[in-house]
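The values are calculated or read from the model by the stated rules, or taken from the named source; none is laboratory data. Predicted model only: the values in this text are computed from it and were never measured. No Cβ is skipped: glycine too gets one built from the backbone with ideal geometry, and neighbour counts run over all protein chains shown.
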Amino acid sequence: ATPTAVMVGTGVGATQGVLIKGGQALESAHKVNCIVFDKTGTLTFGKPVVVTTKVFKSMSLKDFYEFAAAAEVNSEHPIAKAIVEHAKKIIENEQNHPWPEAHDFVSVSGHGVKAIVGNKEIMVGNKKLMADNNIAISADAEEILAEAEGLAQTGIIVSLDGEVAGVLAVSDPLKPDAKQVISILSSMKIRSIMVTGDNWGTANSIARQAGIETVMAEAQPEVKVSKIKELQSCGYTVAMVGDGINDSPALVAADVGMAIGAGTDIAIEAADIVLMRSNLEDIIVAIDLANKTFSRIR
Ligand code: ADP
Ligand code: MG
């Protein structure tokens, strides 16, 4: 395509909320035949809400959420925000009453958080976080976690001083246009894959709802990158669509990185194309535009 055609293409994109950072991005988008999707915040809204709580220890629901919120208020993760919002409702923390102070806060990427609150060590996160810290999960807790996963929810465990204090489930529904977009991509001979840091149960349930057949779950940021490199070595031209800090290495590794506009600044910076309206349909708008730009002049 001529520089003018590229300018026109990027200009049209901009009017439709598709920010294309240069001609190379548009040219690669034209060749894409495989799209790797992040789950949370990309295929789903990324605004999870707490839907179930089960406290195991002889502890009140208020105390449970006070500990959980004290640790999670330090995290930017959408699940952390859901827990803090829910805690506010339970504790009626309207007047900005501060959460108990947390020390030694650690965010374990893709697993959860740890902190010292009062004199207790608290962890909030997935089974992997608990396993890595040798915290046993009871059959009762396992059952609630499995049930949540079957419903495409994410089960989260809260531990206090090395023992499970309770579990909760958050729900983050699929975006309504996801299924249709995957089906249109498939009719364009573009393969869709989901790669997520979330657990296999939840990941498979969401993928089924979206109509995505290939899933990789419990994937750390490096795993997202190596999956993209593997697809590229198989001859695919790969687009990655993501919203999080954890997606940014993959957005860079892909032939075309597409960031959800509502995502984190780091993802937006790492991407070649930004979907300002945060709709999945705009992936198709971007590819259509690339196809028009690069087939017109040949
Ligand atoms: P995704 O790739 O789906 O955006 P992440 O890699 O950010 O997911 O997180 C993977 C999983 O790690 C989450 O589903 C959750 O189980 C756990 N996790 C991460 N951060 C937190 C947190 N702040 N609180 C609780 N759990 C967390
Ligand atoms: Mg995400």
ask   = Any idea which residue in the stretch 270-287 is farthest from Ala25 (Cα to Cα), counting only those that are crowded, with 18+ Cβ neighbours inside 10 Å and of a type in the set (D, E, K, R)?
value = Asp282
inquiry  = Name the single residue that is surrounded by the fewest Cβ atoms within 10 Å (Cβ to Cβ) among those in the stretch 211-229 being charged (D, E, K, R) and farther than 13 Å from Arg191 by Cβ.
reply    = Glu222
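Within the stretch 46-66, can you find the residues that are surrounded by fewer than 24 Cβ atoms within 10 Å (Cβ to Cβ), outside any strand (DSSP E or B) and within 12 Å of ligand 1 (Cβ to nearest atom)?
If the condition is that a residue be surrounded by fewer than 24 Cβ atoms within 10 Å (Cβ to Cβ), outside any strand (DSSP E or B) and within 12 Å of ligand 1 (Cβ to nearest atom), then Gly46 is the only one that fits.
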Residue pairs meeting the criteria (Cβ under 8 Å; at least 6 apart or on separate chains; first closer than 16 Å to Asp161 by Cα, in the stretch 64-87; second outside any helix (DSSP H, G or I) and within 16 Å of ligand 2 (Cβ to nearest atom)) = none
key: Leading residue by the ranking (farthest from ligand 2 (Cβ to nearest atom)) among those in the stretch 98-111 that are within 17 Å of Ser159 (Cβ to Cβ), of a type outside the set (A, V, I, L, M) and touching an Asp or Glu at 6+ places or on another chain (Cβ under 9 Å)   = Pro100
note = Picked from the stretch 199-240 (must be within 17 Å of the chain's Cα centre (by Cα) and more than 16 Å from ligand 2 (Cβ to nearest atom)), the residue nearest to Ala29 (Cα to Cα) is Thr214
inquiry  = Residue under question is Lys88, and the condition is that it be part of a helix (DSSP H, G or I), more than 10 Å from ligand 1 (Cβ to nearest atom) and farther than 30 Å from Glu222 by Cβ; does it hold?
reply    = yes
Sole exception among (1) surrounded by fewer than 19 Cβ atoms within 10 Å (Cβ to Cβ); (2) of a type outside the set (A, V, I, L, M, F, W, C); (3) without any contact (Cβ under 8 Å) to a residue 40 or more places away in the chain for Gly150, by number = (3)
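If the requirement is being under 21 Å from Gly125 (Cα atoms) and either within 14 Å of ligand 1 (Cβ to nearest atom) or of a type in the set (S, T, N, Q) (or both), which of these qualifies: Val241, Val215, Val223?
So the residue among Val241, Val215, Val223 that is under 21 Å from Gly125 (Cα atoms) and either within 14 Å of ligand 1 (Cβ to nearest atom) or of a type in the set (S, T, N, Q) (or both) is Val223.
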query = Going through the stretch 232-248 one residue at a time, which ones are within 16 Å of Ile35 (Cα to Cα) and surrounded by fewer than 24 Cβ atoms within 10 Å (Cβ to Cβ)?
reply = Gln232, Ser233, Cys234, Gly235, Tyr236, Thr237
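When you go through Ala82, Ala131, Ala69, Ala115 one by one, which is the residue that is in a helix (DSSP H, G or I), surrounded by 16 or more Cβ atoms within 10 Å (Cβ to Cβ) and away from ligand 2 (no atom under 16 Å from the Cβ)?
Of Ala82, Ala131, Ala69, Ala115, the one residue that is in a helix (DSSP H, G or I), surrounded by 16 or more Cβ atoms within 10 Å (Cβ to Cβ) and away from ligand 2 (no atom under 16 Å from the Cβ) is Ala69.
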inquiry  = Take residues that are modelled with pLDDT under 95 and either farther than 29 Å from Ala290 by Cβ or touching a Lys or Arg at 6+ places or on another chain (Cβ under 6 Å) (or both) and tell me which of the helices (runs of 4 or more DSSP H) falling wholly in the stretch 161-258 contain 1 or more.
reply    = 200-210
